[in-house]
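Peer 1: Please see the structure below; I have some questions.
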Amino acid sequence: MAIRVFLVLVLFLSSAIVSFSLYEDQAGLADWHQRYIGKVKHAVFHTQKTGRKRVIVSTEENVVASLDLRHGEIFWRHVLGTKDAIDGVGIALGKYVITLSSEGSTLRAWNLPDGQMVWETALHSAHHSKSLLSVPINLKVDKDYPITVFGGGYLHAVSALDGEVLWEKDFTAEGFEVQRVLQPLGSTVIYVLGFVNLSEAVVYQIDSKIGEVVAQKSMVFPGGFSGEISSVSSDKVVVLDSKKSILVTIGFIDGDISFQKTPVSDLVENSGNAEILSPLLSNMLAVKVNKRTIFVKVGGEGKLEVVDSLSDETAMSDSLPVADDQEAFASVHHEGSKIHLMVKLVNELDNVLLRETIQMDQHRGRVHKVFMNNYVRTDRSNGFRALIVMEDHSLLLLQQGAIVWSREEGLASVTDVTTAELPVEKDGVSVAKVEHTLFEWLKGHVLKLKGSLLLASPEDVVAIQELRVKSSGKNKLTRDHNGFRKLILALTRAGKLFALHTGDGRIVWSMLLKSQACERPNGISLYQWQVPHHHAMDKNPSVLVVGRCGSDSSAPGVLSFVDVYTGKEITSSDIGHSVVQVLPLPFTDSTEQRLHLIADTVGHVHLYPKTSEALSIFQREFQNIYWYTVGADDGIIRGHVMKSSCSGETADEYCFTTRELWTVVFPSESEKIISTLTRKPNEVVHTQAKVNTDQDLLYKYVSRNLLFVATVSPKGAGEIGSVTPEESSLVVYLIDTITGRILHRLSHQGCQGPVHAVFSENWVVYHYFNLRAHKYEVTVVEIYDQSRAENKNVWKLILGKHNLTAPITSYSRPEVFTKSQSYFFAQSVKTIAVTSTAKGITSKQLLIGTIGDQILALDKRFVDPRRTLNPSQAEKEEGIIPLTDSLPIIPQSYVTHSHRVEGLKGIVTAPSKLESTTHVFAYGVDLFYTRLAPSKTYDSLTDDFSYALLLITIVALVAAIYITWALSEKKELSEKWR
Amino acid sequence: MDKGKAVMGTGRRWAVEFSDQSTVPSSRDILDPPGFSRASQEQDDSANSRQKKDAEANWKLQKAWEVAQSPFKTLMMMGFMMWMAGNTVHLFSIGITFSALWQPISALQSVGKIFEPFKDNKVELLMPKLVFLALNLGGLALGVWKLNTLGLLPTHASDWVSSLPPPQEVEHSGGGFVFH
């Protein structure tokens, strides 16, 4: 009965709230938002004028941004689409930022101070080719030099003022690949250098005013080119031949081509293959040979000469004109935990203009890129600042021997996220320290009281807001009673693991993945390795980071075990086999280390941790462990079962062979797998029963071994609208991954992907495009167990004579039935997630990442197959919403409120200790965190609850009782004397 | 008088008999005044008291019946209140239902005390008591029925299954797309 009352209360409470929303003054209390840009590809400084010094950067996350050079803050930022990769960036006319993107087919100009787009020009593009942007360095502001853009086989000249295409020239001839577009300073001739079939060099001279070809010369090079090219001056380039052993200098002064061959072995003895490095240095090039970087000076006649040699791990900037026709460049190399920044003159490498040594955090890795900028000091000498990009994608500004600012841009490319607990508060650290003195405590509460009685002045409101943030103690590094303080562990593409505090999003620790076998492993995924709960309480929790040496799937894997409290790597191991899948098993050993199986490309699985105890646990469950693979290319889902130990092939007793058990083959001519999904393995389900209004009972089919698969017809796998409704259909399946049995199949005619789905408990919600209705649709499928439906006798249930809690097997072939319903949805979706709570009692909300990079919270009640057009009174009381053709988008239910999580990629939810509350973390280019209570915080008082008011009321009541008691005593006495 | 005798039984020194012995002729010392006939008055007296006692017993019985039937009125009243309260769970309906449950229970607990004033050798109280009990049980049943209509009684299978967690699974499976 208590449960019913509780459930009724929960229902009552949840039905009272139609949508989640928060007040204006609550924004930023529990949530935080961090803005990033990603790994910087290009940087252009803008420091000429007095005023704000800034640097314009474009990044691998397709962001163009203007950063403050003093503090590293973002002045403005634009995140272009995922297919709109930036090829080049420049500043034109001293006031426009020019970006070339989408393989040279889109040219945009942004206003430099505020980032408003000034113009956009779509350029003619014929085929895929190199895209080159050259913005003339403009000394006179009023004169409009055209921007020359090469992309998609065409050379364009575009006016910087309004983006008008002045002329375009076709270079789409068969086999002709343009390599460089060069324009000597002040000249009206543009040289276009290209190769025909990598064997013939062709140079076109083009009049930059009208776009006509003035002259064309070509010359065949017998050895053929490799394609690596470096332009050393406006009339010379250096190319590697096809064997990568000869450097060829191509000169084209006045259109006459000349080759000058220099074997690399002449420059360096015992040379292997050479590689031309990217920095542009005037009359010099950097070549990587024998793991060393050599600087080769290019003489007037194309004669090459080695002038310096540096260790391999050196990063260099492009050269930059400093005073009096001199050019300088910066180089950075490592030495232990320090980095050395040197600025040298190109012509005189012995003349070091600047030599600085800076202490560098080991967990930033090597320097990847250097961008240099000079400024004139007050004593008229040259000062230099360098913007460096590290291996972990972080961006730092070095100036005067110190790191002026740094940005953790690795967090713009998060690949996997998990959460971890903070350490328990130690004895001796009293809460009183946080609450300071009693007087202040009282003062704070009086302020709050004023606030709640609407008596507070604007200053008081500010003070209250500050107090709220401070007094909540939300930034402490210890566990709290409600489980609101946690660590978010984020693994980035660069292989760095970050621990972020949920209170304010600061980085508690970070760690770069290391390996003995390879220089820098890629991070793949993240697993909870050890979470001491009942046993091994003296141990710190740890996570498993799975990485790989190289991008190929057969590359050997790397495992790293990281202590969550300290951020130190406990151990790391090169496992010697490839990693294609990691299967966390639902078993833990006596120290609460979770057993994991790692599958390799050969079809073997490897057990971790490699202990005999884990082995015995695994042996016990040997027959019951299965794994499946989804072949997206061949359209086959294969189920495997453990066969035996692979002791016959290797001596490794923790290695097991597998055997194929079943296959589900989708016909390749009509169906192509586009999406698969399973339930989250750590999801908690409170009950197996679903109660309908008339006390009718349905048993949910809650199984972890269910796979949701969505397929579309191969024609419809492309862009939305690229096919007619008749040509495309979408089919979804629910497949049991133990037996390969298809439990449910649902076909949507005239529908198309992409499919975004979420799977929780016994339901799947998925989002797709309906071509006939020209609208997005959302469908919910709930799956119920028919074979348990007979368990309806109350007496049997009271006496416990039922098999509802007995372990079940997929081989019993449970009878299932499904209920489904579809709705229109007005928005395009990037990702969908669902809230998760500690016990799974609280009602759920779907978290929909919209195309606008916001997160919309939608009650699960809106996607309930039991919705009807006219629900009965009892159904209404239960909270069933009348059926509408489309799902509502309530503006107040955006959990991101005013923020946008640019480039949204994923949403992760994790339960807190309070049943009502869940953590939500969204990542993309930006990071966003908030706490949600889908049914409001029914199990705790709100933050703004006025304890002072309660206290005052109690005191007043006690006083009143005492006074009236005294009065009545007195009166009684006088009555008796009368 | 009976009580007095019981006290007298042990160590009595002296006693004053206040009771009027005049009605017992044998102990009479003084003769009746002339013209006074004791017999008729005695007869009249005894008839009178008997009559009185009968009337009292009747009255008691009547009252007992009245008391026994009193829950009927509250029953009707409760029924009306319940009908007014409706079938949804809220403060009013819960309050009504719990008072409807509490009243019969407290009445049943004090059934002896309620019929105490009507206790008499001559009054047959069993029937009123039974009626009283039956009516109160009826009231209780009404309360329970109301409780049930409010859905607060665990009489459905759902009430017993809701707390059951989903069953464990024998097999475990994992996998998916291969890492790229």
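The values are calculated or read from the model by the stated rules, or taken from the named source; none is laboratory data. Owing to the predicted nature of the structure, the values given are computational and were not obtained by experimental measurement. All Cβ positions, even for glycine, are placed from backbone atoms using ideal geometry, and neighbour counts span all protein chains on display. Accessible surface is based on the protein model in full, side chains and every heavy atom, while ligands, DNA and RNA are left aside. Shrake-Rupley method; radii C 1.70, N 1.55, O 1.52, S 1.80 Å.
Peer 1: For B:Trp59 and B:Leu108, what does the FRET efficiency come to when R0 = 22 Å and r is the distance between their Cβ atoms, rounded to the nearest 0.05?
Peer 2: With R0 = 22 Å, the Cβ-Cβ based efficiency is 0.30.
Peer 1: Hey, got the dipole for region A:857-978? About the Cα centre, +1 on K and R Cβ, -1 on D and E Cβ, debye to the nearest 20?
Peer 2: Taking the Cα centre of region A:857-978 as origin, the dipole is about 220 debye.
Peer 1: Toward the positive end of the charge dipole of the protein assembly as shown, about the Cα centre and with charges on Cβ (Lys, Arg +1; Asp, Glu -1), which of B:Pro154, B:Ala68, A:Thr831 goes farthest?
Peer 2: Sorting the options by dipole projection puts first B:Ala68.
Peer 1: Per residue in region A:657-697, which ones lose no less than 10 Å² of accessible surface when going from chain alone to all protein chains (1.4 Å probe)?
Peer 2: A:Thr676, A:Val685, A:His686, A:Thr687, A:Gln688, A:Ala689, A:Val691, A:Gln695, A:Leu697
Peer 1: Here is a further query. Tell me the label-point distance for the pair B:Leu91, A:Leu477, using the 7 Å Cα-to-Cβ offset, in nm and rounded to one decimal.
Peer 2: Going by the 7 Å Cα→Cβ label model, 4.9 nm.
Peer 1: Label region A:284-326 by shape, choosing from rounded, prolate and oblate, from the square roots a ≥ b ≥ c of the eigenvalues of the Cα gyration tensor; if a/c is under 1.5 it is rounded, and otherwise prolate applies when a/b is larger than b/c, oblate when it is not.
Peer 2: oblate
Peer 1: Just check region A:862-953 against the gyration tensor rule for me: Cα atoms, a ≥ b ≥ c as the square roots of the eigenvalues, rounded for a/c under 1.5, and otherwise prolate or oblate depending on whether a/b exceeds b/c.
Peer 2: oblate
Peer 1: With unit charges on the beta carbon (Lys/Arg positive, Asp/Glu negative), name the residue among A:His71, A:Gly115, A:Gly152 whose Cα is farthest towards the positive pole of the charge dipole of region A:58-182.
Peer 2: A:His71
Peer 1: Give the cross-link partners of A:Lys244 among the aspartates and glutamates, using a straight C-alpha distance below 17 Å as the criterion and excluding same-chain residues fewer than 8 apart.
Peer 2: The qualifying aspartates and glutamates are A:Glu200, A:Glu228, A:Asp266, A:Glu269, A:Glu275.
Peer 1: Given a Förster distance of 25 angstrom, what is the FRET efficiency for A:Ser551 paired with A:Lys261, based on the Cβ-Cβ distance and rounded to 0.05?
Peer 2: The value I calculate is 0.10.
Peer 1: Of all the accessible heavy-atom surface of the protein assembly as shown, with the other protein chains kept in place and a 1.4 Å probe, what percent is carbon and sulfur?
Peer 2: Summing carbon and sulfur atoms, their accessible area is 55 percent of the total for the protein assembly as shown.
Peer 1: Taking the Cα centre of the protein assembly as shown as origin, sum charge times position over the Cβ atoms of Lys and Arg (+1) and Asp and Glu (-1), and report the length of that vector in debye to the nearest 20.
Peer 2: In debye, rounded to 20, the protein assembly as shown gives about 3620.
Peer 1: Something else: Report D for region B:81-180 in µm² per second (integer): Stokes-Einstein, Kirkwood Rh on Cα pairs, 20 °C, 1.002 mPa s.
Peer 2: My calculation gives 119 µm²/s for D.
Peer 1: Quick one: which residues, 5+ away or cross-chain, put their amide H under 5 Å from the amide H of A:Asp939? H built at 1.01 Å from N.
Peer 2: Amide H neighbours of A:Asp939, under 5 Å, 5+ apart: A:Ser916.
Peer 1: Buried accessible area between A and B (1.4 Å probe, both chains summed, ligands and nucleic acids excluded), in Å² to the nearest 100?
Peer 2: Details: alone 45980 and 14760 Å², together 56840 Å².
What A and B bury together is about 3900 Å².
Peer 1: What full-extension length gain, to one decimal in nm, is calculated for A:Ala874 and A:Phe622 as 0.36 nm per residue of separation minus the Cα-Cα distance?
Peer 2: Extra length from A:Ala874 to A:Phe622 when fully extended: 85.8 nm.
Peer 1: Local charge sum around A:Lys169 (other residues, Cβ-Cβ under 12 Å, Lys/Arg +1, Asp/Glu -1)?
Peer 2: -4
Peer 1: Okay, next question. Counting Lys and Arg as +1 and Asp and Glu as -1, what is the net charge of the other residues whose Cβ lies under 14 Å from the Cβ of A:Glu969?
Peer 2: Result for the local shell: +1.
Peer 1: Considering only protein heavy atoms, what per residue accessible area in square angstrom results for region A:837-921 with a 1.4 angstrom probe?
Peer 2: Numbers: 3060 Å² over 85 residues.
Result: 36 Å² of accessible area for each residue.
Peer 1: Here's something else I'd like to know. Could you name every residue in region A:614-647 that has 40 Å² or more less accessible surface in the full protein assembly than in its own chain alone (probe 1.4 Å, ligands and nucleic acids excluded)?
Peer 2: Output list: A:Asn624, A:Tyr628, A:Val630.
Peer 1: Ok, one more. Say a paramagnetic label sat at a point 7 Å from the Cα of B:Lys122, along Cα to Cβ; which residues of region B:48-83 have their backbone N under 12 Å from it?
Peer 2: B:48-61
Peer 1: Could you compute the net charge surrounding A:Pro807? Neighbours are other residues with a C-beta less than 11 Å from the C-beta of A:Pro807; K and R count +1, D and E count -1.
Peer 2: Residues close to A:Pro807 contribute a combined charge of -2.
Peer 1: Could you list which residues have their amide H under 5 Å from that of A:Ser645, counting only those 5 or more apart in sequence or on another chain, with H placed in the peptide plane?
Peer 2: Amide H to amide H, under 5 Å and 5 or more residues apart or across chains, A:Ser645 pairs with A:Thr657.
Peer 1: Right, here's the next one. Taking a probe of 1.4 angstrom, what is the accessible area of A:Ser542 in Å², to the nearest 10?
Peer 2: Estimated to the nearest 10 Å², A:Ser542 gives 0 Å².
Peer 1: Oh, and also: Would you mind getting me the FRET efficiency between A:Lys839 and A:Ala122? Use the beta-carbon distance for r and R0 = 51 Å, nearest 0.05.
Peer 2: Calculated value: 0.40.
Peer 1: Return one number: the angle in degrees, 0 to 90 and rounded to the nearest 10, between the long axis of the Cα atoms of helix A:438-452 and the longest principal axis of the Cα atoms of chain A.
Peer 2: 90 degrees
Peer 1: Need the per-residue list for region A:778-811: every residue with at least 30 Å² less accessible surface in the complex of protein chains than in the chain by itself, probe 1.4 Å, sorted by number.
Peer 2: Residues shielded by partner chains are A:Val794, A:Leu797, A:Ile798, A:Thr805, A:Pro807, A:Ile808.
Peer 1: Could you go through region A:397-411 in sequence order and give the Karplus-derived ³J(HN,Hα) for each residue, using 6.51 cos²θ - 1.76 cosθ + 1.60 with θ = phi - 60°, rounded to whole Hz, and x for Gly and Pro?
Peer 2: 3J(HN,Hα) across region A:397-411, in whole Hz: 10, 9, 7, 6, x, 9, 7, 6, 8, 9, 10, 7, 6, x, 6.
Peer 1: Another question, then. What is the extension gain from A:Glu269 to A:Asp114, computed as 0.36 nm multiplied by their sequence separation minus the C-alpha to C-alpha distance, in nm to one decimal?
Peer 2: Values: separation 155, 0.36 × 155 = 55.80 nm, distance 5.36 nm.
Net length gain for the segment: 50.4 nm.
Peer 1: At 1.4 Å probe size, put A:Tyr699, A:Tyr36 in order of accessible surface, largest to smallest.
Peer 2: Heavy-atom accessible area, descending, gives A:Tyr36, A:Tyr699.
Peer 1: Would you please give the residues with an amide H less than 5 Å from that of A:Gln821, counting only those at least 5 places away or on a separate chain, with H modeled from the backbone geometry?
Peer 2: Amide H neighbours of A:Gln821, under 5 Å, 5+ apart: A:Val780.
Peer 1: Next up: What is the extension gain from A:Thr357 to A:Asp538, computed as 0.36 nm multiplied by their sequence separation minus the C-alpha to C-alpha distance, in nm to one decimal?
Peer 2: Difference between extended and current length: 61.0 nm.
Peer 1: Ok, one more. Quick check: from the Cα gyration tensor, does region A:71-117 come out rounded (a/c under 1.5), prolate or oblate?
Peer 2: oblate
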